[in-house]
Amino acid sequence: MQKNLKYYINKALNEKFALGAFNFCNMESLQGILEACKNNSSPAIISVSESALSYMGDEFTINLAKASKNIFPYLFLHLDHGKSFETCKKAVDLGFDSVMIDGSSLSFDENINLTKKVCEYAHPFNVYVEGELGQIKGIEDNVSYSSHLYTDPNLAQKFVESTNIDMLAIAIGTSHGVYKYQREQTLRLDILEEIEKLLPNFPLVLHGASTVENDLVDEINTYGGEIKKAIGIPKELLQNVVKNHNIIKINTDTDIRLAMTSQVRKYLMSFPENFDPRKYLVEGKNKIVDVVSNKICNIFYSNNKI
Ligand code: G3H
Ligand code: 13P
Ligand code: ZN
């Protein structure tokens, strides 16, 4: 059987692990993710947001991904939070393995229509489609709590049946960005269970799943950064949803940014005479290897699954 994304989604469902969907925005962040996956024999999704795609440009994005796949073929290029049919079409045409159409801010019917249209375009090319229902918010700097619009399980069932999506991103209390919560919070596992009852064995996706490690935030602040006290998603909650539920894709961007930035800051402050980008970027890349390896082995359990 061809070891494509569908193969690994099914494998993850059957063997109870999750594919990390790791965001990258430059060569070094992708190299870090690649090295962690290769070292641990882990399949993974390499994600680019619309803004990362526009930052790197189509050619660099596609060719960086191709280079990575040549080195380690168990990586799948994914468009994260595509907002329009046109962006998703572009990603399909460029050769992405999967796309997310994020119609979560639209009305239910508009979200269905847009998502269905993306599926109809993408599926003949064997490109998988992720849709989103409910809203996964992030806290802005001076707002205390994120507001969530949790996924309605009955609507989720109707959404999946009406659109023909391959994976569904759900809102059960996770949140994008570094400022997720001010105190520890649990996830709405009751909603997750209800969704799983109505959509048995259907691949589900968790966004906003960074753990926001204190040591990385502290290191950034020690070396001149200004990140306020931040609490991420507890590791134990992620382990639970991976082992006991149908969450087969977990998105991580913030932790990768923190890893890179902490080491770049530390290096530049520690060696102010040095101005060779290779010296500080490799420190950032190496920290990404550590952070991603830890997730693969201890949270997502995707090591040795190729
Ligand atoms: O889920 C959102 C990602 O973290 C993308 O963020 O648009 O700043 O690349 P970005
Ligand atoms: P974090 O901000 O928690 O890393 O979430 C990233 C994400 O969901 C990308 O789609
Ligand atoms: Zn997201």
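Ranked from largest, the principal axis spans of the Cα set of the range 195-306 equal 60, 33, 17 Å. When the alpha carbon gyration tensor of the range 230-294 is reduced to an equivalent ellipsoid, the three semi-axes, largest first, read 32, 11, 8 Å.
In plain terms, the C-alpha convex hull of the range 7-66 casts an average shadow of 4.4 nm² when viewed from every direction. Where the alpha-carbon atoms of the range 31-190 are placed on the principal axes, they occupy 42, 37, 28 Å, in descending order. Could you grab the Rg to Rh ratio for the range 119-262? Cα atoms only, Kirkwood for Rh. Result for the range 119-262 is an Rg/Rh of 1.02. Taking every Cα-Cα distance in the chain and sorting them into 10 Å bins from zero, the calculated P(r) comes out as 6, 28, 37, 23, 5, 1, 0 percent. The listed peptides 12-18, 115-121, 271-277, ordered by packing as a protection proxy, come out as 115-121, 12-18, 271-277 (highest mean of other Cβ atoms within 10 Å first). Pairwise alpha-carbon distances in the range 148-225 exceed 22 Å for 38% of all pairs.
Extents of the range 39-109, taken as max minus min of Cα coordinates on every principal axis and listed largest first, are 43, 25, 18 Å. Computed packing ranks the peptides 34-42, 232-240 as 34-42, 232-240, most packed first, by mean other Cβ atoms within 10 Å. For the chain, averaging the sequence separation of C-alpha pairs within contact (under 8 Å, six or more residues apart) and dividing by the residue count gives a relative contact order of 22 percent. Among residues other than Pro73 with Cβ under 13 Å from its Cβ, the summed charge is +3 (Lys and Arg +1, Asp and Glu -1). When Asp218, Asp58 are compared by accessible area of protein heavy atoms, the largest-first order is Asp218, Asp58, using a 1.4 Å probe.
Ranked by the mean number of other Cβ atoms within 10 Å of their residues, highest first, the peptides 180-190, 242-252, 47-57 fall in the order 242-252, 47-57, 180-190.
Here is how the number arises for the chain: DSSP H runs of 4 or more residues each give -39500 (n - 2.57), the sum is divided by the residue count, and the result at 222 nm is -15000 deg cm²/dmol. Solvent-accessible surface of the chain, taken per residue with a 1.4 Å probe and all protein chains present: 44 Å². Please report, as a whole percent, how much of the solvent-accessible surface of the chain comes from carbon and sulfur atoms (probe radius 1.4 Å). It is 49 percent, rounded to a whole number.
The values are calculated or read from the model by the stated rules, or taken from the named source; none is laboratory data. None of the values given here were measured: they were computed from a predicted structure. Cβ: placed from backbone, ideal geometry, glycine included. Neighbour counts: every protein chain shown. What goes into the accessible areas is simple: the full protein's heavy atoms, side chains included, and nothing from ligands, DNA or RNA. Shrake-Rupley method; radii C 1.70, N 1.55, O 1.52, S 1.80 Å.
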